[in-house]
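Trainee: Please read through the structure below; I'll follow up with questions.
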Amino acid sequence: MSLFLATLLPGLSLAVFGFLLSLNLPLVVASLKGLPRSTVASLVLFGGGVLWFLVLVANMREADRILGSSNAPWVVGFATLGVLSMKYVPDFLAVRGLSILILLSASPLLRAAFMEYQCPQRLFMVTFVFVAIAAALYLAAVPYRLRDFFQWLFARPARARALGRGLLAYGLVLIAVAFTY
């Protein structure tokens, strides 16, 4: 992935999410409040995270394996864990799935910025990615905090609008930075 794309994609994502949040539409508010325990969001987010992880495990090199000479047992084992998690641990699975996707997407973004010292503006993207990693690790450990955050955020409409405007502004900064490489 190029540094341009690695900066543009998070910028576009932040700008769109910030714009939707700043509008404070009832559909957006209801969707975000229902996200932590949503079955559909669990299937999409956690299922997507499991599939992405399984692709990575299936393509492991021999040096990455601890035991065995094939990736197949690892893929089957992790796929089984994913299915069992969806069946027996459904609470806040959408939040954990979102955390998985954030952590997995951080790798190509940071890899694109690695050793690009001639572009100090890359740090706008890198800073966002590290903040997202920290949030993902925290929310994976205590996923109910996202529900609590959404309750606090939407208790007053001005809070959601302010956060939305901030995310929109940072997204626009990332989009502008992407075109400076």
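Trainee: In the list 82, 77, which residue meets the criterion of being touching a helix residue (DSSP H, G or I) at 6+ places or on another chain (Cβ under 7 Å) and of a type in the set (Gly, Ala, Ser)? Outline the logic, then answer.
Mentor: On the way: 77 fails: touching a helix residue (DSSP H, G or I) at 6+ places or on another chain (Cβ under 7 Å).
Exactly one residue qualifies, and that residue is 82.
Trainee: Considering only residues of the range 43-74 that are of a type in the set (Val, Ile, Thr) and more than 19 Å from residue 107 (Cβ to Cβ), which is surrounded by the most Cβ atoms within 10 Å (Cβ to Cβ)? Even if it seems obvious, please write down each step before you answer.
Mentor: Kept after step one, since they are of a type in the set (Val, Ile, Thr), are these residues of the range 43-74: 44, 50, 55, 57, 66.
Applying the additional criterion that residues be more than 19 Å from residue 107 (Cβ to Cβ) yields 44, 66.
Working: 44: 15, 66: 5.
This residue is 44.
Trainee: Here is a further query. From the list 117, 138, exactly one residue is assigned to a loop (DSSP other than H, G, I, E, B) and surrounded by fewer than 16 Cβ atoms within 10 Å (Cβ to Cβ). Which is it? Spell out the reasoning first.
Mentor: Numbers: 138 fails: assigned to a loop (DSSP other than H, G, I, E, B).
Checking each option against the conditions leaves just 117.
Trainee: Check off (1) more than 17 Å from residue 53 (Cβ to Cβ); (2) at pLDDT below 95; (3) in a helix (DSSP H, G or I) for residue 86 and give me the number that stays unchecked.
Mentor: The number of the failed condition is (1).
Trainee: Also: For residue 128, work out the one condition from (1) in contact with a Ser or Thr (Cβ under 8 Å, 6 or more places away or on another chain); (2) at pLDDT 95 or above it doesn't fulfil.
Mentor: Here residue 128 meets the rest and fails (1).
Trainee: With respect to residue 94, is the statement that it is within 16 Å of residue 7 (Cβ to Cβ), of a type in the set (A, V, I, L, M) and either surrounded by 13 or more Cβ atoms within 10 Å (Cβ to Cβ) or at pLDDT below 95 (or both) true?
Mentor: Taking the combined requirement at face value, the residue does not satisfy it.
Trainee: Could you list, in sequence order, the residues of the range 4-42 that are more than 12 Å from residue 164 (Cα to Cα), β-branched (Val, Ile, Thr) and exposed (fewer than 15 other Cβ atoms within 10 Å of the Cβ)?
Mentor: Selection gives 39, 40.
Trainee: Find all pairs meeting these conditions: Cβ atoms under 6 angstrom apart; at least six residues apart or on different chains; first residue within the range 118-129 and within 12 Å of residue 181 (Cα to Cα); second residue surrounded by 13 or more Cβ atoms within 10 Å (Cβ to Cβ).
Mentor: 119/181; 121/177; 122/113; 122/116
Trainee: Could you give every pair whose Cβ atoms fall below 6 Å, whose first residue belongs to the range 159-173 and is touching a residue at least 40 places away in the same chain (Cβ under 8 Å), and whose second residue is not in a helix (DSSP H, G or I), counting only separations of at least 6 or pairs across chains?
Mentor: From the range 159-173, the pairs are 160/24; 160/154; 161/24.
Trainee: Let me ask you something else. Tell me which of these residue 155 doesn't satisfy, since it passes every other one: (1) among the small types (Gly, Ala, Ser); (2) surrounded by fewer than 17 Cβ atoms within 10 Å (Cβ to Cβ); (3) assigned to a helix (DSSP H, G or I).
Mentor: Only one criterion in (1) among the small types (Gly, Ala, Ser); (2) surrounded by fewer than 17 Cβ atoms within 10 Å (Cβ to Cβ); (3) assigned to a helix (DSSP H, G or I) is unmet by residue 155, namely (3).
The values are calculated or read from the model by the stated rules, or taken from the named source; none is laboratory data. Owing to the predicted nature of the structure, the values given are computational and were not obtained by experimental measurement. No Cβ is skipped: glycine too gets one built from the backbone with ideal geometry, and neighbour counts run over all protein chains shown.
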